1. List every residue pair whose Cβ atoms lie under 8 Å apart, where the two residues are 6 or more positions apart in sequence or sit on different chains, the first residue falls within the stretch 420-445 and is on the phi < 0 side of the Ramachandran plot, and the second residue, located anywhere, is assigned to a helix (DSSP H, G or I) and of a type in the set (Phe, Trp, Tyr).
2. Taking the stretch 391-419 as the region of interest, how many residues are more than 21 Å from the chain's Cα centre (by Cα) and part of a helix (DSSP H, G or I)?
3. Kindly evaluate residue 240 against the criterion of being closer than 16 Å to residue 425 by Cα, surrounded by fewer than 23 Cβ atoms within 10 Å (Cβ to Cβ), within 16 Å of the ligand (Cβ to nearest atom) and under 19 Å from the mean Cα position of the chain (by Cα).
4. If residue 56 passes every condition in (1) at pLDDT 95 or above; (2) away from the ligand (no atom under 11 Å from the Cβ); (3) on the phi < 0 side of the Ramachandran plot; (4) not hydroxyl-bearing (Ser, Thr, Tyr) but one, which one does it miss?
5. Consider residue 9 carefully, then state whether it is touching a residue at least 60 places away in the same chain (Cβ under 8 Å) and either closer than 30 Å to residue 239 by Cβ or of a type in the set (D, E, K, R) (or both).
6. So the check is Cβ under 7 Å with 6+ separation or different chains; which pairs have a first residue in the stretch 34-50 that's in contact (Cβ under 8 Å) with a residue 40 or more places away in the chain and in a loop (DSSP other than H, G, I, E, B) and a second one that's among the polar types (S, T, N, Q) and surrounded by fewer than 24 Cβ atoms within 10 Å (Cβ to Cβ)?
7. Of all residues in the stretch 325-352, which are surrounded by 21 or more Cβ atoms within 10 Å (Cβ to Cβ) and of a type in the set (Asp, Glu)?
8. Filter the stretch 190-223 for residues that are at pLDDT below 95 and of a type in the set (A, V, I, L, M, F, W, C); which is farthest from the ligand (Cβ to nearest atom)?
Amino acid sequence: MALPPKILIVGGGVFGLSTALSLRERHPASQITLVESASAIPNPHGSSVDTSRIVRADYASAAYSRLANAAVQRWRSTSWGADGRYTQNGLLLVYPSDSPSAQAYARKSYANVRAIEGENVVFLPSQKDVLRVVPPYGEELDVAGGYVNWGSGWSDAAAGVRFAKGLLDAEGKTVFRTGEVERVLFEEGASSPHAKPKATGVALVGGETIEADLVVLATGAWTGKLVDLRGKAVATGQAIAYIKISDAEQKELENLPTILNFATGIFMIPPRGNLLKIARHAYGYRNPTTVPVPGVSPSGQTMQVSLPETGVPVPLEGEEAFRDALRQLLPRFVNRPFAETRICWYMDTPTGDFLVSYHPEYEGLFLATGGSGHAYKFFPVIGDKVVDAMEGTLEPEFRDLWTWNEIVAQKTDTDDLFDGDGSRTGARNAILKDELARTKKAARKGVL
Ligand SMILES: Cc1cc2nc3c(=O)[nH]c(=O)nc-3n(C[C@H](O)[C@H](O)[C@H](O)COP(=O)(O)OP(=O)(O)OC[C@H]3O[C@@H](n4cnc5c(N)ncnc54)[C@H](O)[C@@H]3O)c2cc1C
């Protein structure tokens, strides 16, 4: 299917850059502009930018497992993974005895990746078997079993973004603009009085406008400000901490597999550059913010949605969760100060599926978002799926998961509190500013 001549992508993360790469290849006659609010790409506050991201085909869902395997092949054997951008160190997925859901996820995931990776995937039926794979971890490790997939790895996330931007720069056909999009512009009744309003471009903060025939919002956790996504997607803040380690510690830990515990959500990716990262995949913190309801013309109405707050540290609650995990994994690091902590933002949908779809109420408005904490690994392949969806040729298995009308919160979910894909843990309604206030109070009392 032909796409219109002028396409504007908003956002320079995984979804935006990967889409630009696929559009350049498949629709070379289209004029592609990408606008990003950060002064440079990689944007250090973007969700796609960090020291590392897990690259795994280990999914309980067979569809994601297959797509992730296609991505893993690209990371492994093309320039995507060259120059240290991909390290195949393995992934150790573990579960404790008291978490049937984590065990069920691990078992389904094991079956899926065993079918793909064969002997690379080894079932570990007991704690003893797990510790044989990761000898430096403490005997206190509360796990009942798991499996290791030596075919999984991790990517240097900032370097991957730099690489994708570099491919587009080298080709020289994509126009990059810096600016924060304030709103999408629409024209009403362009083709007939009853036609849907048509997106005609965007207005930037400061008043400048950019015209386009097709606007693609790849704005990650910020998307809820530009389109009303209540009930479809919510920004949740996730905790990350980094610990400085010595050369000897780096040597000891650098070749271990990444450990991921779906019962606690804690994962630890092997260190690079004497920095050990520990993070938590959880329901996360929300940051309710009042913004105008987006739409064709300003209505004066406002809504409350969770939007990213960047540059803030991990609250005490999160630090304590990391120290509890370290007490089991690497007890000698329990009291070591964190060199840095960060809240990184997921754009969560009710089921953890991506949102890759035209907006049903407007012509010329497309969304490529809803990363739900697991989209980075798909960087080399997701742009092709986005363009398939734009052309109307996306395979039914993904169309049924990623299309606007298919993304519906369960009855038990509220507008911004979703169950996810069954891989989340922790408090379900933590509010970032309350947790930060608690942290400050504890510091004043001298608890910290
Ligand atoms: C802590 C953490 C750990 C993760 N771990 C993994 C992992 O191990 N493996 C994995 O596969 N995935 C992982 N993910 C998920 C993955 O990183 C994300 O799903 C993916 O990076 C999202 O990409 P994006 O393009 O949607 O968002 P982003 O990278 O955030 O890009 C959106 C861009 O849009 C820009 N933007 C927003 N609003 C505007 C505006 N109004 N105007 C102009 N520009 C705008 C932003 O500045 C930003 O640069 C993790 C995510 C986090 C936060």
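1. Close Cβ pairs satisfying both conditions: 423/105.
2. 3
3. Details: closer than 16 Å to residue 425 by Cα: yes; surrounded by fewer than 23 Cβ atoms within 10 Å (Cβ to Cβ): yes; within 16 Å of the ligand (Cβ to nearest atom): yes; under 19 Å from the mean Cα position of the chain (by Cα): yes.
Taking the combined requirement at face value, the residue satisfies it.
4. (2)
5. Values: touching a residue at least 60 places away in the same chain (Cβ under 8 Å): yes; either closer than 30 Å to residue 239 by Cβ or of a type in the set (D, E, K, R) (or both): yes.
Considered against the rule, which asks whether it is touching a residue at least 60 places away in the same chain (Cβ under 8 Å) and either closer than 30 Å to residue 239 by Cβ or of a type in the set (D, E, K, R) (or both), residue 9 comes out as yes.
6. 39/178; 45/310; 49/43
7. 348
8. For the stretch 190-223, the residue satisfying everything is 195.
The values are calculated or read from the model by the stated rules, or taken from the named source; none is laboratory data. This one's a predicted model, so the numbers in the text were calculated from it and none came from an experiment. Please note: Cβ atoms are built from the backbone with ideal geometry, for glycine as well, and neighbour counts cover all protein chains shown.
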